[in-house]
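The values are calculated or read from the model by the stated rules, or taken from the named source; none is laboratory data. The structure displayed is predicted, hence computed values, not measured ones. Every residue, glycine as well, gets a Cβ built from its backbone with ideal geometry; the counts of neighbours run over all protein chains shown.
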Amino acid sequence: MLKRFFLLCSGVDLVLLEKCANGEQNKYAGIGATVFFTALMATIASAYALFTVFDNIYTAIFFGIIWGLLIFNLDRFIVSTIKKSESKRKELIQVLPRLLLAMIIAVVISKPLELKIFEKEINQVLLTEKNQMTLDNKTQIAQQFTPEIEKINAEITSLKEEITTKENEVNTLYETYIAEAEGRKGTKLIGKGPVYKEKRDKHDAALAELNLLKTENTNKIQQKEATIASLLENQKLKETQTQPIISNFDGLMARVNALNKLPWLPSFFIFLLFLAIETAPIFAKLISSKSEYDYKLENHESQVKTWIQQQVHQREAILHTDINLNNKIYSDLKTEEELYNYKQKMARNLMKLQADSFYKNQQNIL
């Protein structure tokens, strides 16, 4: 039962093969087994690749089975269409396009399995890339908010400097009227005279201006600090919103790119393994000598071809003979007097009817 299944997978003519030796049947059963297991590996590889895309096991299995059946059909077609010939050059010419197709299939099958085999290494590469992307993302977002924050901080600094400048001015005026009272500067008279009073009033006015400036600038600084806090909150919110996009950066394309950043030699050997599996049936038929099944298949195809050619030739001969007979019959009829007189009579009657019809039409018009 299993042998017959593998023979079906090989695409051979079972009726012809049953008449061949057991060794011939085993050879094609082996070819069919290679075709089947290649399709099975393609199903597994495709299901895993699609699972990374859809993240749904049932969808991945469904489309993986469809892909496996497609690969199975292609491999079966490739193997079954290779015909053994006495000329190795002809065999090589017919095998070349099939080898190219087999190489493409090997790449498609091997790549998803490489992703699974090197999954841990790929995850490490993706983690490094995600961390770098997170830093880059924060930098890019900060570039959107930093200019505004720096501008507001500069305004806050300017407001604080105004207060400091005014405080220095008040302190200087304070020192001036104290020195006047102690007789160290100004009039150098000890006591609180008119000059002292003038300098004291000037200090008190500046102190009042300082207190008012502190109140106004403090309110402005608080508003600007609240604006900065709001900007920083929006910056963190934007970072939080964009982080899931970075965290989900592990799709099929990202994993393939990460795989390409790993050393190429292990991946290359896996590709060679699947290429060997995929091309094994082709090379098995190519290097094997012309066997019993090939001769019987060639004989069967030759019989069909000869029979078709006979049928075509026979139909062409019948057509040629029929044309010659028709030509001769109509040629003989052309000389018969009775047929000529009959057709002349019918033509005369037709012309009379046409003349009568024309006359009636003219009467109706008048």
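Residue pairs whose Cβ atoms lie under 9 Å apart, sitting 6 or more positions apart in sequence or on different chains, and linking a residue in the stretch 344-366 that is modelled with pLDDT of 80 or more and surrounded by 10 or more Cβ atoms within 10 Å (Cβ to Cβ) to a partner that is in a helix (DSSP H, G or I) and not β-branched (V, I, T), do not occur here.
Out of all the residues in the stretch 272-287, which are of a type outside the set (G, A, S) and within 14 Å of V35 (Cβ to Cβ)? Step through it out loud before you land on a result.
Filtering the stretch 272-287 down to residues of a type outside the set (G, A, S) leaves 272-275, 277-279, 281-283, 285-287.
F274, I277, E278, T279, P281, I282, F283, K285 - these are the residues of the stretch 272-287 that are of a type outside the set (G, A, S) and within 14 Å of V35 (Cβ to Cβ).
Being part of a helix (DSSP H, G or I) and more than 30 Å from A45 (Cβ to Cβ) narrows it down to one of K138, K83, so name that one.
Working: K83 fails: part of a helix (DSSP H, G or I).
Being part of a helix (DSSP H, G or I) and more than 30 Å from A45 (Cβ to Cβ) holds for just one of K138, K83, which is K138.
Of all residues in the stretch 1-47, which are in a helix (DSSP H, G or I), among the small types (G, A, S) and surrounded by fewer than 13 Cβ atoms within 10 Å (Cβ to Cβ)? G23 - this is the single residue of the stretch 1-47 that is in a helix (DSSP H, G or I), among the small types (G, A, S) and surrounded by fewer than 13 Cβ atoms within 10 Å (Cβ to Cβ).
For V79, the criteria (1) without any contact (Cβ under 8 Å) to a residue 60 or more places away in the chain; (2) over 25 Å from S267 (Cα atoms) hold in every case but one, which is (1).
The set of residues from the stretch 137-150 being over 21 Å from I246 (Cβ atoms) and surrounded by 12 or more Cβ atoms within 10 Å (Cβ to Cβ) comprises E148, I149. Looking at the stretch 48-60, is at least one residue crowded, with 20+ Cβ neighbours inside 10 Å, within 23 Å of the chain's Cα centre (by Cα) and at pLDDT 85 or above? No: zero hits.
Filtered by the rule that a residue be in contact with a helix residue (DSSP H, G or I) (Cβ under 8 Å, 6 or more places away or on another chain) and either assigned to a loop (DSSP other than H, G, I, E, B) or surrounded by fewer than 11 Cβ atoms within 10 Å (Cβ to Cβ) (or both), the stretch 276-300 gives S288, S291. Answer with yes or no whether T134 is out of contact with any strand residue (DSSP E or B) (no Cβ under 7 Å at 6 or more places or on another chain) and either exposed (fewer than 15 other Cβ atoms within 10 Å of the Cβ) or of a type in the set (D, E) (or both). No.
Are any residues in the stretch 190-230 surrounded by fewer than 13 Cβ atoms within 10 Å (Cβ to Cβ) and not in a helix (DSSP H, G or I), and if so, which ones? Matches in the stretch 190-230: I190, G191, K192. In the set (1) part of a helix (DSSP H, G or I); (2) within 28 Å of Q25 (Cβ to Cβ); (3) in contact (Cβ under 8 Å) with a residue 12 or more places away in the chain, the condition left unmet by Q303 is number (3).
Any residue in the stretch 67-79 that is acidic (D, E), under 37 Å from the mean Cα position of the chain (by Cα) and buried (at least 20 other Cβ atoms within 10 Å of the Cβ)? Scanning the stretch 67-79, I find at least one residue that is acidic (D, E), under 37 Å from the mean Cα position of the chain (by Cα) and buried (at least 20 other Cβ atoms within 10 Å of the Cβ), so the answer is yes.
Only one of the numbered conditions (1) acidic (D, E); (2) surrounded by fewer than 11 Cβ atoms within 10 Å (Cβ to Cβ); (3) more than 25 Å from T146 (Cα to Cα) is violated by E233, and that is (3).
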